[in-house]
Amino acid sequence: MAKPLEARCDHCKQNRPLFLYEPDHNCHLLPVACRWCDRDKQPLLCTRCWDTEKQLEDRTPASLEEQSIGSFLTAVMTRSTQHDEQCATDQATCDGIAKATEESAS
Ligand SMILES: [Zn+2]
Ligand SMILES: [Zn+2]
């Protein structure tokens, strides 16, 4: 493994081995302003600052608009799953009728 670059941390300004911070929540449902995704350049952070940044990212909830879009999408998806189940039931009924018709015809 390559030795991490030792330089000044973008957060604590100490000379430490640095790691590039990469946010992992870049899957916004809306084009919202996001302090992690909107950065031109991700910071180089020492392990301590990296962890702090990560925890901050994990704790930051989605914006209200995103939350409402998210619950809307969940509702739509739940509904379409139920619809699929209904179709499967109908199909089974149809198959049953077709089979019964076939049997009575022969
Ligand atoms: Zn630091
Ligand atoms: Zn983001």
Taking N as its residue count, the alpha carbon Rg of the stretch 1-60 over 2.2 N^0.38 Å: 1.22
Residue-wise HN-Hα coupling along the stretch 5-17, computed from phi with Karplus coefficients 6.51, -1.76, 1.60 (Hz; x: Gly, Pro): 5, 9, 7, 7, 5, 5, 9, 8, 6, 9, 7, 8, x
Hydrodynamic radius by Kirkwood, which averages 1/r over all alpha carbon pairs of the stretch 62-106, in angstrom: 13.1
Whole-Å distance, taken between Cα centres, linking the stretch 89-106 and the stretch 33-68: 57
Interchain or long-range residues, amide H under 5 Å from PHE19's placed H: LEU45, CYS46
On Cα atoms only, tilt of 47-59 relative to the major axis of the chain in degrees: 40
Cβ-based exposure ranking for PHE19, PHE72, in which fewest neighbours within 10 Å come first: PHE72, PHE19
Range of Cα positions in the chain per principal axis (Å), largest first: 87, 37, 21
On Cα atoms only, tilt of 64-105 relative to the major axis of the chain in degrees: 30
Per DSSP, loop trypsin sites (Lys or Arg not before Pro) in the stretch 31-106 with at most 13 further Cβ within 10 Å: ARG35, ARG39, LYS41
Which of SER68, SER80 has the fewest Cβ neighbours within 10 Å, and the rest in rising order: SER80, SER68
Residue-averaged 222 nm ellipticity for the chain, from DSSP H runs of 4+ at -39500 (n - 2.57), nearest 500: -18500 deg cm²/dmol
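All of the numbers you see were taken from the coordinates with simple rules; none came from a lab. This is a predicted model, so every value here is computed, not measured. Cβ coordinates were reconstructed from backbone atoms using ideal geometry, including for glycine residues, and neighbour counts include every protein chain displayed.
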